[in-house]
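Only the coordinates and a few stated rules stand behind these numbers; no lab work does. Computed from a predicted model, the values in this text were never measured in an experiment. Cβ coordinates were reconstructed from backbone atoms using ideal geometry, including for glycine residues, and neighbour counts include every protein chain displayed.
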Amino acid sequence: MTLQELKAKAMEIADRRAAEFEHVNQVIFDLAELGMEEHKTVAFLTEELRKLGFTVTHPYCGLETGFRAEIGSGHPKVAFLAEYDALPGYGPDASQNGHACGHNWIGANCFGACAVLAELSEHFEGTIVYMGCPAEEAYGGKVDLVNGGAFDDIDAAMQLHISGGDEIKLGATTLAIDSLEFTFEGVAAHAAGYPERGVNALDACNLTFSGINALRQHVTPDVRIHGIITEGGTAPNIVPSHCVAKFFVRAANREYLTELTQKVINCAKGAELMTGAKLSWRYFENSFDNVKLCPALQKLMRDNLLLAGEEERFLNMATQPPAGSSDVGNVSQVCPTVMVNMGIHNQDGSDCHEEAFLQYCTGEYGFKGLNKAVKAQAMTALDIFCNPELLKEMQ
Ligand SMILES: [Zn+2]
Ligand SMILES: [Zn+2]
């Protein structure tokens, strides 16, 4: 079969099995499990993938809700970056979890692409990998997967993330991020009776903020530093002896961020010296790298989104200024990766993480987008499987 014929076949399969993929989308949506707690979701997905003949490794890279499912043999190896963690704080009393970032939709579009390719696998050489990446929102499971070597043998990776509106951004970039927690240990004393006996840990936090605010004048414009004090003392008449501040430090590239993070740590060290409150610090979440674009892969995905029925006027190839941060960044540093923010064509202005957006991650809009996402990903993988020399261009 020629590549063209395979692509036509892939679209046919995606349409024929649409209800199956919509079911997967709905099941994950209804389970709505938070990051690192996606046990039922993973049990469901791994079972469904096994039914399709995939070999499952679970747990994976030390992650209880991480897994890898694959079928086929040898190279190229193409990985679909599946997510399936929900967000807290939805429903009438904000006590429910919800898939307001559409990670159920990502889990399902990866499943669909894998199912379509598995059905066609006798026609090409290579391995189809469903990479089960847990806890994107709060922890960054892909960082552990990258560090655990999950991507060492992967030739290309892709992810289509749902978003609001019409635009489909193929050049989305992200900021590298470090998460810093500073703990200062001082000495408690009566704040009015014997203040001279106290060592003020809250002053150390405040001076850390002051130092960072002075630093802001001397950083590049892409930098974002934002922090909170999570423990600031117990009563105004006691000199605070134990205080904690947390910061996110972000920049457009990892190299500069590493330099910047050291300067932020130095601000805390200066505060330690000024107050005498003893400093300890740690990274309280995984550090993410910035997304590295792969123009060759972007181009393939663009052409296949067109074939899948997206309109040209909505496809945006421009490199976007980085906004948030994502653990997809770490994957993109070790293998060619394309990450697309795919507008679902809702017209009410709602977007990811908003309660109003929940309805678009399933139902009519979600399913329509799901079908296109399955097709575009499966066909992009077919391009790679049928023309492995494309990989040289990507690397
Ligand atoms: Zn999100
Ligand atoms: Zn997301």
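Could you rank the peptides 310-321, 349-360, 192-203, 334-345 by their average count of other C-beta atoms within 10 Å per residue, with the highest value first? Let's see the in-between values first.
Working: 310-321: 13.7, 349-360: 17.5, 192-203: 16.0, 334-345: 23.2.
In decreasing order of mean packing, 310-321, 349-360, 192-203, 334-345 become 334-345, 349-360, 192-203, 310-321.
Cα atoms only: what Rg and Dmax, in Å, come out for region 86-182?
16.7, 56
Which lysines, if any, have their Cα less than 18 Å from the Cα of Lys9, not counting same-chain residues under 8 positions apart?
The qualifying lysines are Lys372, Lys375.
Taking a cut-off of 22 Å, what percent of all Cα-Cα pairs in region 177-283 are separated by more than that?
Working: 1794 of 5671 pairs.
Percent of Cα pairs beyond 22 Å in region 177-283: 32.
Quick check on the chain: helices-only [θ] at 222 nm, where DSSP H runs of length 4 and up contribute -39,500 (n - 2.57) each and the sum goes over total residues. Nearest 500, please. Could you put the intermediate results ahead of the total?
Numbers: 11 runs with 152 residues, N = 395.
Calculated mean residue ellipticity at 222 nm is -12500 deg cm²/dmol.
Treating the chain as a set of equal point scatterers at the Cα positions, no solvent, please give the Debye-formula log₁₀ I(q)/I(0) at q = 0.10, 0.12 Å⁻¹.
-0.68, -0.91
Provide the FRET efficiency to the nearest 0.05 for the Thr319-Gln347 pair, computing r from the beta carbons and using R0 = 35 Å. Walk me through the numbers on the way to the answer.
Numbers: r = 27 Å, r/R0 = 0.76.
Between Thr319 and Gln347 the formula returns 0.85.
Who wins for biggest fluctuation among Thr65, Thr173, Thr261 in a Gaussian network model of the chain, springs between alpha carbons below 10 Å?
Largest GNM mean-square fluctuation: Thr261.
Under 20 Å from the Cα of Lys246, which lysines turn up, not counting those fewer than eight places away in the same chain?
Those lysines meeting the cut-off are Lys263, Lys269, Lys278.
To test your reading of the geometry: what angle, between 0 and 90 degrees and rounded to tens, separates the Cα axis of helix 201-215 from the longest principal axis of the chain?
So the inclination is approximately 60 degrees.
Amide H to amide H, which residues 5 or more places from Thr174 or on other chains are under 5 Å from it, using H placed in the peptide plane?
Those lying under 5 Å, H to H, from Thr174 are Val291.
Using the Karplus curve 6.51 cos²θ - 1.76 cosθ + 1.60 with θ = phi - 60°, work out ³J(HN,Hα) for each residue of region 148-162 in order, rounded to whole Hz, and write x for Gly and Pro.
My calculation for region 148-162 gives x, x, 4, 9, 4, 9, 8, 8, 7, 9, 8, 8, 10, 9, 5 Hz in order.
Taking the DSSP beta bridges in the chain as the whole, what percent of them are antiparallel, to the nearest 5? Could the numbers behind the result be given before it?
Working: 42 of 61 bridges.
If we restrict to bridges inside the chain, about 70 percent are antiparallel.
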